[in-house]
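**Q** The structure under discussion is supplied below as structure tokens; questions concerning it will follow.
Only the coordinates and a few stated rules stand behind these numbers; no lab work does. Computed from a prediction, not measured in an experiment: that's the story for all the values here. For neighbour counting, all protein chains shown are included, and Cβ atoms are generated from backbone atoms with ideal geometry for every residue, glycine included.
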Amino acid sequence: MNIKISNVANLPTKYGLFKIQSFQEGQKEHLVVFTQELPDVPIVRIHSECLTGDALGSLKCDCGDQLDFALNTISKEKGMVIYLRQEGRNIGLLNKVNAYALQDQGYNTIEANHQLGFRADERSYEIVNTILKYFQIEKIKLLTNNPEKLEQLQNIEIVERLPIIIEHNQHNKDYLNIKKNKMGHLLWLRELKQKKYMLVM
Ligand SMILES: [Zn+2]
């Protein structure tokens with residue numbers, strides 16, 4: 001696949017000043033958000049697009065909170081967020097909305113995908129290898145709760161896996177339980193004193 005790479009631009013944000021660079025892979029325009037200073041072993045978050053969670057504050061999933069956690073972390077400790085345009089675990093926005101409609105009828109997130117003829121997770125992380133190679137990064141600290149990501153990264157040494165710790169809410173509790181129990185995500189739900197749950201690795 002022919003990859004087109006943009007120039008680097010500044011992006012001041014509420015988290016701090018970042019640099020951005022876009023990697024165009026076919027129809028998909030990915031974005032790398034990174035700090036000016038990149039340590040030899042940077043913290044890297046590979047985040048798949050979720051319009052409803054990232055931009056609209058959806059409580060159906062934990063994507064917005066994960067992105068927020070990641071941007072906060074890299075702004076403080078230096079690193080990058082690789083924002084991959086694979087909406088709805090790569091079934092696209094229209095199919096995702098159809099999956100949500102099925103969920104409204106009582107199907108869980110995996111059943112809804114199957115109803116629509118998709119696997120539970122259609123994402124791929126191959127472009128990440130290209131991006132990290134472009135930045136001449138060979139070792140990373142990977143910010144993730146998803147072990148599948150660890151397996152798909154080739155020629156990259158993952159020195160450490162850092163968990164993303166966020167609180168869940170009444171809307172995404174079931175969804176996160178399915179991620180944990182059926183999709184192998186490394187989340188443990190622990191009840192706290194104030195009847196809130198916190199996700200820990
Ligand atoms: Zn989401």
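**Q** When the Cα centres of the stretch 72-113 and the stretch 1-49 are compared, how far apart do they sit, in Å?
**A** Using only Cα atoms, the two centres lie 19 Å from each other.
**Q** Another question about this same structure. In nm, what is the difference between 0.36 nm times the number of residues separating Asp40 and Lys19 and their Cα-Cα distance?
**A** 5.8 nm
**Q** Also, I was wondering about something else. Report, in degrees rounded to the nearest 10, the 0 to 90 angle that the Cα long axis of helix 63-77 makes with the longest principal axis of the chain.
**A** With both axes taken from Cα atoms, the answer is about 30 degrees.
**Q** Just the ratio, please: alpha-carbon radius of gyration of the stretch 66-141 over 2.2 N^0.38 Å, N its number of residues.
**A** 1.42
**Q** Whole-Å semi-axes of the stretch 26-76's equivalent ellipsoid, largest first, each the root of 5 times a Cα gyration tensor eigenvalue?
**A** Its equivalent ellipsoid spans semi-axes of 22, 15, 8 Å.
**Q** If you don't mind, another one. If the limit is 22 Å between Cα atoms, which of Lys76/Lys179; Lys141/Lys173; Lys28/Lys173; Lys19/Lys78 go over it?
**A** Flagged as over cut-off: Lys76/Lys179; Lys141/Lys173; Lys28/Lys173.
**Q** When the Kirkwood radius is taken over all Cα pairs of the chain, what Stokes-Einstein diffusion coefficient follows at 10 °C and 1.306 mPa s, in µm²/s?
**A** 90 µm²/s
**Q** Tell me the Rg and the Dmax, in Å, that the Cα atoms of the stretch 17-122 produce.
**A** Both quantities, over Cα of the stretch 17-122: 15.5, 49 Å.
**Q** Now for a different question. Suppose we flag trypsin sites (Lys or Arg not before Pro) only when DSSP calls them loop and at most 12 other Cβ atoms lie within 10 Å. Which is the longest uninterrupted stretch of the chain?
**A** 15-118
**Q** With the contact rule set at Cα under 8 Å and sequence spacing of 6 or more, what percent relative contact order holds for the stretch 1-96?
**A** 28 percent
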